[in-house]
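Take a look at the structure below.
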Amino acid sequence: MNVFPQTNKEGMNAQPKNFFTPISKGTPTVESKVNSFALEILISTNGFGVGGFYRKQYSTKVSGFIDLFISEASDESELVYTDYLGNTYYPGKVNRFLIAPLLVGVEYRLFEEEIRSNFRPFVSAGIGPSVIYSSPAQIEFFSSLKYGKSHFTGGGFLGMGIYWGASAESLIGVNVRYLYLPYPKGIESLESPIDGKRTKLKQMGGLYITLTFGRSY
């Protein structure tokens, strides 16, 4: 077994290709595409959601975006039971919740000089208004929507993630964000089976994992 480093014809040590090799000036990169549209699929402790965003790149490191999504929200103390037939029950649940935040924010690319363009980590933050829609949990989901009520609030999030891929047109990535969406007055969420006392949900956000599929132009 050869324990000595391999050499090329010039006698120099052959170096393996490094994923973290700095980008050479003049190398074609995805930064030539400054506008993006994307679909988002959100997964959280509260359930699932779907949304989309428009993103505009202002420099090789800084981008701005507008993000709109719809997701479920729930009380952390909510219990879920499933019977042997597959039916799901939520004991004491008073209302279901849907949230629809419209967020404006900024995205900052990390390690631009150290990491190649096909692997682009970033941090992001955003703020904006949100609609909270509550509907009776005792009624079937779609039928309950006509009995629902809209509430309005505002919030924000902090997150970090990665885009990957060498294609200039493709925008594929994943990010983790924590959404803070307070509603100080609270909305009734659960009823105690012991004394009938109802608790109110005052924070509609949570931790989200978001998958992104989009196009740049």
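The values are calculated or read from the model by the stated rules, or taken from the named source; none is laboratory data. Note that this is a predicted model, so its numbers are computed, not measured. Glycine also receives a Cβ, built like all others from the backbone with ideal geometry; neighbour counts cover every protein chain displayed.
Residues I132, I187, I172, I139: which one is more than 17 Å from G47 (Cα to Cα) and in contact with a His (Cβ under 9 Å, 6 or more places away or on another chain)? Walk me through how you get there before you give the answer.
Working: I132 fails: more than 17 Å from G47 (Cα to Cα); I172 fails: in contact with a His (Cβ under 9 Å, 6 or more places away or on another chain); I139 fails: in contact with a His (Cβ under 9 Å, 6 or more places away or on another chain).
After ruling out the rest, the residue left standing is I187.
Within region 122-162, the residues that satisfy the criterion of being loosely packed, with under 13 Cβ neighbours inside 10 Å and among the small types (G, A, S) are S143, S150.
Taking region 113-217 and the strands (runs of 3 or more DSSP E) fully enclosed by it, the elements with 3 or more residues that are under 21 Å from V62 (Cβ atoms) and modelled with pLDDT of 90 or more are at 119-136, 149-164, 170-180, 206-216.
Within region 170-181, can you find the residues that are within 24 Å of G154 (Cα to Cα) and surrounded by 15 or more Cβ atoms within 10 Å (Cβ to Cβ)? Outline the logic, then answer.
If we filter region 170-181 for residues that are within 24 Å of G154 (Cα to Cα), which is where we start, we get 175-181.
Residues satisfying the conditions are N175, R177, L179, L181.
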